[in-house]
Amino acid sequence: MTNSKNNINKDIDDQSLINDWQQVSKQVTQACEQASRPAESVRLLAVSKTKPADMVATLAKQGQTHFGENYLQEAIEKIDALKDKPECENIVWHYIGSIQRNKTRDIAEHFDWVQTVERDIIAKRLNDQRPAEMSPLNILIQLNIDNEASKSGCLPEQLPELINTIKEYERLQLRGLMIIPAKADTDAFARTKQVFDDIKHRHPELSGWDTLSMGMSGDMTEAIANGATIVRVGTAIFGARE
Ligand SMILES: *Cc1c(COP(=O)(O)O)cnc(C)c1O
């Protein structure tokens, strides 16, 4: 009795999660249309931090493949819980939280992408610790586009040197930039796109430089209009976090 009731509740919860995910997917497609960009030029990253592994599995079954996590311990538990589920076989995990030096090994061993690299010491450790049997770890440099001392991210003036260092690491594949702009900074997306394109022109040797991660639940349409290739969406898919 209790069990079937729980099952019914779970079905209802699953359906509303799927509806919200479909709604967000549609919003991404529409933003692409408005910007005259092909729909497949933008990837939806479902940010599942604080949400249970079950919800990830539900969306994976629907075809969502890229998931983002911020908290390492929680992420590893989810990754382990899901790794033997057939519908989760193709999940691509992105680490989008801040990185402490002593956590790099766990990140290098469990993730496909790291979007929050901001200094060489972290990049070097990820490179050294990436297991040989895994493909190179995809890296985005988190750029402090607002140039605020209090914020995380590589300062714009340090970016050229960091790129030149990371591009030599064989176990890392440098893919592009990620930003979390300040709310008041209304043209951060456009400025970051400029920096991104500039680097592309200046560094023809960076064959993997193709990814610009910007835009979240509240501003994904604007980010796509300005050239985002990954939008990172949590709340609009999974609901508010505690
Ligand atoms: C939590 C988080 C997101 C998702 O934010 P929402 O507003 O819930 O869509 C995106 N990017 C980063 C880096 C985050 O930490």
To the nearest whole percent, what portion of all C-alpha pairs in the chain is separated by more than 23 angstrom?
51 percent
Label zone at Gln129, where the point sits 7 Å out along the Cα-to-Cβ direction: the stretch 84-104 residues whose backbone N lies under 15 Å
95-104
Roughly how many percent of the accessible protein surface of the chain is carbon and sulfur, given a 1.4 Å probe and a whole-percent answer?
46 percent
Which value, in Å², gives the accessible area per residue of the chain when a 1.4 Å probe is used on the protein heavy atoms?
51 Å²
Using Cα atoms only, what is the angle between the long axis of helix 53-62 and the major principal axis of the chain, expressed in degrees (0 to 90) to the nearest 10?
90 degrees
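For the stretch 1-109, what is the convex hull volume of the alpha-carbon atoms per residue, in Å³?
Here the figure is 121 Å³ per residue.
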Thr65-Asp197 pseudo-label distance in nm [points 7 Å out on the Cα-to-Cβ vector]:
2.8 nm
Rounded to the nearest 0.05, what FRET efficiency do Lys183 and Gln23 have when you use their Cβ-Cβ distance and R0 = 22 Å?
0.40
What number comes out for the charge environment of Asn147, summing +1 per Lys or Arg and -1 per Asp or Glu over other residues with Cβ under 13 Å away?
-2
Only four residue types carry charge here, +1 at the Cβ of Lys and Arg and -1 at the Cβ of Asp and Glu. Report the dipole size of the stretch 1-153 about the Cα centre in Debye, rounded to the nearest 20.
220 debye
How far, in degrees from 0 to 90, does helix 72-82 lean away from the longest principal axis of the Cα atoms of the chain, to the nearest 10?
50 degrees
Working from Cα positions, state the angle (0 to 90°, nearest 10) between the long axis of helix 188-202 and the longest principal axis of the chain.
60 degrees
Roughly how many debye, to the nearest 20, is the charge dipole of the stretch 117-242 about its Cα centre, given +1 on each Lys and Arg Cβ, -1 on each Asp and Glu Cβ, and no other charges?
240 debye
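Which FRET efficiency, nearest 0.05, do Thr50 and Glu89 yield, Cβ-Cβ r, R0 25 Å? Could you put the intermediate results ahead of the total?
Details: r = 24 Å, r/R0 = 0.96.
Given R0 = 25 Å and the Cβ-Cβ separation, E is 0.55.
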Cα pair distances in the stretch 130-210, grouped into 10 Å bins until the bin that holds the longest one, percent each:
17, 48, 27, 7, 0
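The values are calculated or read from the model by the stated rules, or taken from the named source; none is laboratory data. None of these values were measured; they are calculated from a predicted model. Note that each Cβ is placed from the backbone with ideal geometry, even for glycine, and that neighbours are counted across all protein chains shown. Surface accessibility is based on the protein's heavy atoms, side chains included, excluding ligands, DNA and RNA. Shrake-Rupley method; radii C 1.70, N 1.55, O 1.52, S 1.80 Å.
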